[in-house]
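The next block holds one structure in the form of structure tokens; read it before the comments.
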């Protein structure tokens, strides 16, 4: 994409352009005037309107009538004092005569009418408010006589010459208001221009800065691309967390305030650093006339807050530009002036006291650390950025409590690296109180795990707290968290059981509920996990980690719903978490939400949707510091492979291979490993992996996922036996359905497979439903029940239609290789890859004669002459 404006679509104006064409075609009016604030694209709209009208017949019902004669005029301040100055390029043969207005009007009109010939004059005038009086009268005459159709533009809130005003006062022209783009229109425009997918955090930041102004939006995108802040990872566009203000955009914003009086400039700068200001304070710092003048020009706006009226800059870009233009000295001066003025008026509200302290900090003046900590406590929920400024200053005196509070606010703001820089030295304090030592260790351990994906560091943080822990709720939570890190879910539950039992429902510590909910979820006790997570999320308890406990509670709730097939609830949790994180600018938690949304979409079989969300999450944060990297990459690899691109899926999975499975998700890569092996025909290897995961340290969900993935690939035997063992005592209907799937496939029971498919469909797992129905079709046909087989195949295809171009081994059984057994399919796939019979025999630990005999049966079933034809058969997956 270049900076050429012509490459940017005219977004959000289709309806307005259609209105212009209708009015022109039917001659309902003598023209239109497009009105809107600077930057909304009035000029582009008018030019597009001229093109649109010019391509139609001038009168309704007369397609063979005369054509249009379009001409374009741009008024400006330079031509405002010259009679007919803006139209001079259209009047080269104008007879000046005696130069009187009457003569000029008559001659100009004649020249224009002669130039149009038999066509109808289509006259576009940009910035009509800058026309001289003679030109304005000429427009009115052309409109009144019906000699022209006018397309005019003017900014909102300006005075226009009286003849122009009379055009819409007398209903000669139709006024068309061009508003800023809606949020959806803004997002669609960015996506269209950039191509590919744009992550939600980037779209939100662009919207919050531009507020739908197309010019501002364009400059923000171009500036971010030029600076390297906006880049594409794969096909996902994302920022590094910032959107720079380019010099060109800064110039545009300065032009909007050009000509402001000194006091107006002063008020704008003070608002940039101190807004919102009470209207009385703003008037005292400058003057009431200054406030009124800037509000009339749309540069500042006012709002009621209780009994107060507050003043603030009308557009966020004014704030950004003014703040970035100030020198450090000027910034201090602004803060001092604000603080002195507020203090002189008297500080009556707690909010005013917090702001005064923040301005004194900005001024560089000393403040009592205890006052700063107290003020920050009142601001942390409503204005965490302000709280962070106050606590940063308080922490400089070395008070451990203030430093811990500062770290928590940094966590709240998504700045995990900065939080660890505060917590690390604090944890090494030689003489902390026992309670503070525990709180620091807990906060640090959670930040290392959730914020930085450092499970080993989290274990060290717990160990650094020592063994002589106090008898407190937080110490119990710390011990339970250590057990969670070691995979002992039952032990973790036991440590905090007394803290979360029902008699303590109203005052159970939030931290204890978070640990207990997580332990229950990972142990497969979904109902308990859901109940504990809901209690924690609804409680008013304090989060000692600055926010990670709330994230963990949300994750436990989502996971419990996901693993029990409550996909609507899981999706709602994920969408809400993602939306909050994007609003708050928290990149890590936004990536978590995007990951959860993607995984739910994958469960539903919406593979394209899942891929887009998972790629957005992957692009938003570094893989080595994101806790959900392994589950994300595993789901992404399966989704990409299921869309028919196994080589790319394998590449994606292998790129994340060095990250390992350290952390709370052992075995989460198992399902992807099973899929990538079995999807290319290596079913023996897929079975081995599935059984290895099932017997390893993975969570119940990961074990079942690996085994059921093998069932999806047609693998039964020990896999289905182990799947039934793991789910025998479960209360989860979904896990029971997985086991039923394996049992029906192992027994070759087509009717049972059909029932399982119906169960998957009812739960919203449409890809599982389609694959199971496809397996049922194969079983029915093998038993000679062609009618039942056809019915199952039809249902499979119908469900697959909702799976966004899914292409999996089970679905491909609906095509040409349905009669091959699992062993025949495996050997055919290996042979299609170019392996010799000897190599295949060595890999599968069978004789060469067995391989050759099976290949001869494969050739006969498929009607091919040899292994060279196998790769061309639909459904044969090659391993290379």
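Here each label is just a point 7 Å from Cα along the line to Cβ, and for residue 255 and residue 90 those points are 2.4 nm apart.
Given the DSSP H assignment, sum -39500 (n - 2.57) over each helix run of at least 4 residues in the chain and divide by its residue total; what's the result at 222 nm in deg cm²/dmol, nearest 500? List each step's numbers first, then the result.
Values: 43 runs with 536 residues, N = 880.
Counting only the DSSP helices, I get -19000 deg cm²/dmol.
In region 763-860, the convex hull through the Cα atoms has an average projected area of 7.5 nm², a quarter of its surface area.
Could you work out the relative contact order of region 8-177, using alpha carbon pairs under 8 angstrom and six or more residues apart, expressed as a whole percent? Provide the component values of the computation, followed by the final result.
Values: 297 pairs, mean separation 53.9, N = 170.
For region 8-177, the relative contact order is 32 percent.
Past the 22 angstrom mark, what percentage of all C-alpha to C-alpha distances in region 408-540 do you count? Of all Cα-Cα distances in region 408-540, 37 percent exceed 22 Å.
Starting from the Kirkwood Rh over alpha-carbon pairs, what translational D in µm² s⁻¹ does region 647-801 have by Stokes-Einstein at 20 °C and 1.002 mPa s?
Answer, rounded: 134 µm²/s.
Report, to one decimal in Å, the Kirkwood hydrodynamic radius for region 822-872 based on all distinct Cα pairs.
That comes to 10.6 Å for region 822-872.
Compared with the dominant principal axis of the Cα atoms in the chain, helix 607-620 is inclined by about 70°. Taking every DSSP bridge with both residues inside the chain, close to 35 percent are antiparallel. The listed peptides 848-858, 296-306, 613-623, ordered by packing as a protection proxy, come out as 613-623, 848-858, 296-306 (highest mean of other Cβ atoms within 10 Å first). The residue 329 and residue 78 beta-carbon pair, evaluated with R₀ = 41 Å, returns a calculated FRET efficiency of approximately 0.60.
In µm²/s, what is D for region 332-446 at 20 °C and 1.002 mPa s, where D = kT/(6 pi eta Rh) by Stokes-Einstein and Rh is the Kirkwood radius from Cα pairs? Can you show the working numbers first?
On the way: Rh = 14.7 Å.
Here the translational diffusion coefficient equals 145 µm²/s.
Taking the longest Cα principal axis of the chain as reference, the axis of helix 328-345 is set at about 80 degrees. The separation of region 338-393 from region 828-862, counted between C-alpha centres, amounts to 77 Å.
Here the mean projected area of the convex hull built on the C-alpha positions of region 263-311 is 2.9 nm².
By how many nm would the segment from residue 159 to residue 175 lengthen if fully extended, with 0.36 nm per residue of separation less the alpha-carbon distance?
Values: separation 16, 0.36 × 16 = 5.76 nm, distance 1.50 nm.
Contour length minus Cα-Cα distance gives 4.3 nm.
Using only Cα coordinates, the Kirkwood hydrodynamic radius of region 183-244 works out to 11.2 Å.
Applying 1/(1 + (r/R0)^6) with r as the Cβ-Cβ distance of residue 106 and residue 534 and R0 = 60 angstrom yields a FRET efficiency of 0.15.
Projected onto their three principal axes, the Cα atoms of region 544-617 cover extents of 38, 25, 13 Å, largest first. With bins 5 Å wide beginning at 0, the percent of Cα pairs of region 86-158 falling in each bin runs 3, 15, 27, 28, 17, 8, 3, 1. With the largest listed first and rounded to whole Å, the semi-axes of the equivalent ellipsoid of region 748-814 from the Cα gyration tensor are 18, 13, 9. Helix 629-642 against the longest principal axis of the chain: what's the angle in degrees, Cα atoms only, rounded to the nearest 10? Approximately 90 degrees, to the nearest ten.
Read the figures in this text as sums done on the coordinates, not as results from a lab. Just so it is clear, the structure is predicted and the values come from calculations on it, not from any experiment. Every residue, glycine among them, receives a Cβ derived from its backbone with ideal geometry; neighbour counts consider all protein chains shown.
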